Amino acid sequence: MKKWLLLSLALYSCNVLAMPRENPVPGGIAHLPIAPLSAQAPLVQYEGKRVTVVPLDAYWVALVGIPLDTAGDQTVQLQGGQTLSFPIQAKEYKTQRLTIKDNNKVEPDDESGERIVREMAVQEQAKTHFTAGEAQLDFIKPVPGRDTGRFGLKRFINNQPRNPHSGMDIAAATGTPIKATAAGTVIHTDDLFFSGNTVYLDHGAGVISMYAHLSEIQAQVGDTVQQGDVIGKVGSTGRATGPHLHWSVYLNGEAVDPALFLPNKK
């Protein structure tokens, strides 16, 4: 384990600007050196989902998205039946309480419940979408503004416990242009029950970003976008208390803290 940690730290010290920061906690990212660099990226899976693998100096490194409900050591599966275990550090997220006026967005009726189930299946496909090739990891913030709903918050909506917050909420006025955080392809757009007008972008090799509560979508499925291209405008559609952008990033289908992809201002 000590040898693996030293190698991980050595790799992390190089090319930091091109990589999301490592933070092996629930909702964070683990950097795992897998194999010496070769022509083809090795296949790595975590909980049955394919993991993003990127070249870093002389090694292939797996960027493992860690689920928010994870605790204890974890294991990835490698080609040939091999496995690699890695430690997870505990993290306690704060609590946030919200009030939603539309009670159907908190306790959906039967018709809305059926819609939610259908939409969840489609969203799961978008989150786990995998395109072979190079991952685009040089991210920018999609809109300027203050982070008003931090990733991982334990949420109570109308005093009822709900799933932890799976993205970053950025306060911005209705109509503010939303920029693609990195180059990619539009793989899904829709008006969803909870997320409102939503756009999913594929940034390659299993890196997916999502933009929710838009007042207007300005991209179509199949569009190729460059970093900074406008894909929509800020709004408050879906389950929202006011205008803002909900921005999520997924690795191996798991929501991870988007702040890890942005320059560390600390």
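The values are calculated or read from the model by the stated rules, or taken from the named source; none is laboratory data. Bear in mind that the values here come from a model prediction, so they are computed numbers and not experimental data. Heads up, the Cβs are rebuilt from the backbone with ideal geometry, glycines too, and the neighbour counts pull from every protein chain shown. Surface areas here come from the heavy atoms of the whole protein model, side chains and all, with no ligands, DNA or RNA. Shrake-Rupley method; radii C 1.70, N 1.55, O 1.52, S 1.80 Å.
On full extension of the chain, what length is gained from D102 through Q220, given 0.36 nm per residue of separation minus the C-alpha to C-alpha distance?
Values: separation 118, 0.36 × 118 = 42.48 nm, distance 2.94 nm.
39.5 nm is the gain from fully extending D102 to Q220.
Leaving out ligands, DNA and RNA, what percent of the accessible area of the chain is carbon and sulfur, probe 1.4 Å?
50 percent
Around W60, under 15 Å between beta carbons, what's the net of Lys plus Arg minus Asp minus Glu among the other residues?
-1
In nanometres, what is the gap between the two model label sites at N158 and R21, each 7 Å from Cα along Cα-to-Cβ?
If labels sit at N158 and R21, their model points lie 3.7 nm apart.
Accessible area per residue of the chain at 1.4 Å probe, in Å²?
Ligands and nucleic acids excluded, the figure is 49 Å² per residue.
Could you estimate the translational diffusion coefficient of the stretch 215-266 from the Stokes-Einstein equation, with Rh from the Kirkwood formula over C-alpha pairs, at 20 °C and 1.002 mPa s, in whole µm²/s? Intermediate results must be reported in sequence, preceding the final value.
Details: Rh = 13.5 Å.
Rounded, D is 158 µm²/s.
Arrange the peptides 109-116, 179-186, 125-132 so that the one whose residues have, on average, the most other Cβ atoms within 10 Å appears first.
179-186, 125-132, 109-116
For the chain, would you read off the P(r) tail past 26 Å as a percentage of all alpha carbon pairs?
So the portion of pairs separated by more than 26 Å is 41 percent.
For K179, give me every one of the aspartates and glutamates with a C-alpha distance below 20 angstrom, ignoring sequence neighbours fewer than eight places off in its own chain.
D138, D147, D169, D190, D191, D202, E216, D223, D229, D257
Can you tell me, using C-alpha contacts under 8 Å and at least 6 residues apart, the relative contact order of the chain as a whole percent?
Working: 667 pairs, mean separation 52.9, N = 266.
Across the chain, relative contact order equals 20 percent.
Please list 211-223, 250-262 highest first by mean number of surrounding beta-carbon atoms within 10 Å per residue.
Values: 211-223: 18.7, 250-262: 23.5.
Those peptides, ordered most packed to least, come out 250-262, 211-223.
Quick one: compute a quarter of the convex hull surface over the Cα atoms of the stretch 152-242 and quote it in nm².
For the Cα atoms of the stretch 152-242, the hull's average projected area reads 6.0 nm².
Taking the alpha carbon gyration tensor of the stretch 126-189, what are the square roots of 5 times its eigenvalues, largest first, to the nearest whole Å?
Result for the stretch 126-189: semi-axes of 26, 18, 11 Å.
In a Debye calculation with equal point scatterers on the alpha-carbon sites of the stretch 38-148 and no solvent, what is log10 I(q)/I(0) at q = 0.18, 0.19 Å⁻¹?
Log10 of I(q)/I(0), two decimals: -1.20, -1.23.
For the chain, find the longest principal axis of its Cα atoms and tell me its angle to the long axis of helix 2-12, 0 to 90°, nearest 10.
Result, in degrees: 60.
For the stretch 110-261, what is the relative contact order in percent, using Cα pairs closer than 8 Å and at least 6 residues apart in sequence?
This gives 27 percent for the stretch 110-261.
Which angle from 0 to 90°, rounded to the nearest 10, does the C-alpha axis of helix 110-127 make with the longest principal axis of the chain?
So the inclination is approximately 30 degrees.
Given K49/K105; K105/K127; K105/K141; K101/K127; K105/K154; K49/K141, which pairs have Cα atoms separated by over 24 Å?
Listed pairs above 24 Å: K49/K105; K105/K141; K101/K127; K49/K141.
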